[in-house]
Amino acid sequence: MFEYTFQWRQAFRALPQMLDGALVTMQIAVLSMVIGVTIAVLLAVARNAHSPWLRWPATAWVEVARNTPALFQIYMAHFGLGSFGIYLSPYVALLAGITFNNAGYLCETFRGALRAIPATQVRAGRSLGMGQVMAFRLIVVPQMFRIAFLPTTNQMVWAILMTSLGVTVGMSTDLTGVTQDLNARTFRTFELFALAGALYYCIAKAVMFAARLAAWRLFRY
Amino acid sequence: MIEIENVHKSFGALEVLKGINLTVDKGEVVSVIGGSGSGKSTLLTCINGLEPINSGRILVDGIEVHAKTTDLNKLRRKIGIVFQQFNAFPHLTVLENVTLAPRKVKGLSRQEAEEIAVKHLTHVGLAEKLNVYPGRLSGGQQQRMAIARALAMSPDYMLFDEVTSALDPQLVGEVLDTLKMLADEGMTMICVTHEMSFARDVSNRVAFFHKGVMAEIGPPEQIFGNAQHEETRKFLSSVR
Ligand SMILES: Nc1ncnc2c1ncn2[C@@H]1O[C@H](COP(=O)(O)OP(=O)(O)OP(=O)(O)O)[C@@H](O)[C@H]1O
Ligand SMILES: [Mg+2]
């Protein structure tokens, strides 16, 4: 019945390779957040705009990003666009899919934060001679990021975990991809994936810790 | 000089200003009194172009505020405005609150802006609070910071909209003293206020607003001693 003998040595020997994979995972997550946050701010502004030409596409983006599986979004970036002759490598497709997902969720987070900032703040800025854009950038955006900071951190953790979906589009260099390859060669399934799981856990915890520290340093008010 | 000529202003179907005429000379202090909803705040936000008007015109130093060709961002550097809600920028320290616009709008260096800011903050009695965030200040301190913030742009005119109304009674005095000081220094000011003793003691002229009309204007002795208009007398007896 229970015939599986654990061989942790073999798994630990693969650790350096897995750490390299973890680095790729982090890279994709960080990139997808940086681009995602930027797009999310634009989407949030567009969703509050008067023009339906801005509002509509932004709303559609948010709806799809939040109401379809992330796996589907990554698939579409790779195979979906592929059928239109636009070929994205697994790395780019994974990055695009997660960025799409991040932007959709963060847009709503930022929109909520924007609503919490009284219009009188912008008024005060305009009265001092600031233009619309300057007042938004200097007065609204910093306050928005503060309010949205914790939800944004959660999305970052999500982004890290979502990278594991990359294997479905042939991603082989991130933590899950590397683990999958090792597994195919050694069949130490449990040990390898347990180790990968532990690494994901540590990364997620480390990110949360770093975020707390950053919040404490940044938001003194 | 601020010249307000036959200004009409509506919010939708509601006409809030019904033909206002008022000229404020350099160095003059005009207090605006009147009941709630009479259009006092609206007039101030029209003067610095935060609100559009429907007809008439407003000139500040001969520049028409609502003309399409007017650069409002530039014009607003001349006109400081302080609101009832203090509108401190909560993410910036007191010093940063005051230096932000001089640096980003006027392009002053950090050092120049800080020199000016410290001067004005000292003037309003906040020299000890430079590196504090507004959340740690009392209402009166926040309002004095807002005044310093407006002054740091070196405006030629200051508009005050009930700057003491949101304050606890014991904090009103310190803010009014700041306004008096400014008046004594020759600042041109329009003060919307519910503080009748302030209006009487500090202003050159007092304007009484009633339902979107400037029902009466004159020196404080006239308004408070010998009001010509029935509504003025009614209003004054209701606030005393
Ligand atoms: N942005 C706005 N949209 C629609 N109506 C407005 C707006 N701002 C003011 N009003 C209306 O215009 C009228 C005049 O308002 P205003 O704030 O100028 O009065 P006020 O004299 O300053 O009164 P108070 O003493 O209460 O501050 C009020 O009936 C108010 O409801
Ligand atoms: Mg008002």
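Brief remarks follow.
- Over all distinct Cα-Cα pairs of the protein assembly as shown, the Kirkwood formula returns a hydrodynamic radius of 26.2 Å.
- Its Cα gyration tensor gives the range B:71-174 an equivalent ellipsoid, and the semi-axes of that ellipsoid, as √(5λ) in whole Å with the largest first, are 21, 17, 11.
- Of A:Lys205/B:Lys129; B:Lys26/B:Lys129; B:Lys40/B:Lys129; B:Lys9/B:Lys234; B:Lys26/B:Lys106, those spanning more than 30 Å from alpha-carbon to alpha-carbon: A:Lys205/B:Lys129; B:Lys26/B:Lys129; B:Lys40/B:Lys129
- Members of the range B:89-104 that become less accessible by 10 Å² or more once partner protein chains are added (1.4 angstrom probe, chain alone as reference): B:Phe89, B:Pro90, B:His91, B:Leu100, B:Ala101, B:Lys104
- Angle in degrees between helix A:189-218 and the longest Cα principal axis of chain A, rounded to the nearest 10: 30 degrees
- Sequence-ordered 3J(HN,Hα) estimates for the range B:159-165 from the Karplus curve with 6.51, -1.76 and 1.60 and θ = phi - 60° stand at 10, 10, 10, 6, 5, 10, 5 Hz, glycine and proline given as x.
- In chain B, the inverse of the mean reciprocal separation of distinct Cα atoms equals 18.4 Å; this is its Kirkwood hydrodynamic radius.
- Heavy-atom accessible area ranking, 1.4 Å probe, most first, across A:Val34, B:Val82, B:Val213: A:Val34, B:Val213, B:Val82
- Expressed as a whole percent, the accessible surface of the range A:19-215 that belongs to carbon and sulfur atoms is 72, based on a 1.4 Å probe.
- Whole-number accessible area per residue in Å² for the protein assembly as shown, which is evaluated in the context of all protein chains at 1.4 Å: 48 Å²
- Listed by chain and number, the aspartates and glutamates whose alpha-carbon sits under 16 Å from that of B:Lys119, ignoring those within fewer than 8 places in the same chain, are B:Glu96, B:Glu128, B:Glu185.
- Of the trypsin sites (Lys or Arg not before Pro) in the range B:1-40, the ones in a loop by DSSP (not H, G, I, E or B) with at most 13 other beta carbons within 10 Å are B:Lys26.
- When A:Trp61, A:Trp56 are compared by accessible area at a 1.4 angstrom probe, the order from most to least is A:Trp56, A:Trp61.
- List of the range A:181-221 residues, accessible area with partners at least 50 Å² below that of the chain alone (1.4 Å probe): A:Tyr221
- Buried accessible surface for the B/A chain pair comes to about 1900 Å², total over both chains, computed with a 1.4 Å probe.
- Average beta-carbon neighbours from other chains, 10 Å sphere, peptide A:116-128: 6
- When the solvent-accessible area of chain B is split by element, carbon and sulfur atoms take up 46 percent of it, the probe being 1.4 Å.
- The slack in the chain from B:Val132 to B:Gln111, taken as 0.36 nm per residue of separation less the alpha-carbon distance, amounts to 5.7 nm.
- Area of B:Ser154 that stays accessible when all protein chains are in place (1.4 Å probe, Å², to 10): 70 Å²
- All distinct Cα pairs of the range A:19-215 go into the 1/r average, and the inverse of that average, the Kirkwood radius, is 18.2 Å.
- Sorting A:Tyr200, A:Tyr221 by solvent-accessible area of protein heavy atoms yields A:Tyr221, A:Tyr200, largest first, with a 1.4 Å probe.
- In degrees, nearest ten, helix A:90-115 long axis to first principal axis of chain A (Cα): 40 degrees
- Helix B:230-239 and the long axis of chain B differ in direction by around 40°, with both axes built from C-alpha atoms.
The values are calculated or read from the model by the stated rules, or taken from the named source; none is laboratory data. All of these numbers come straight from a predicted model, not from anything done at the bench. Because the Cβ atoms are built from the backbone with ideal geometry, glycine has one as well, and the counts that use them run over all protein chains shown. Side chains included, ligands, DNA and RNA excluded: accessible areas come from the protein's heavy atoms. Shrake-Rupley method; radii C 1.70, N 1.55, O 1.52, S 1.80 Å.
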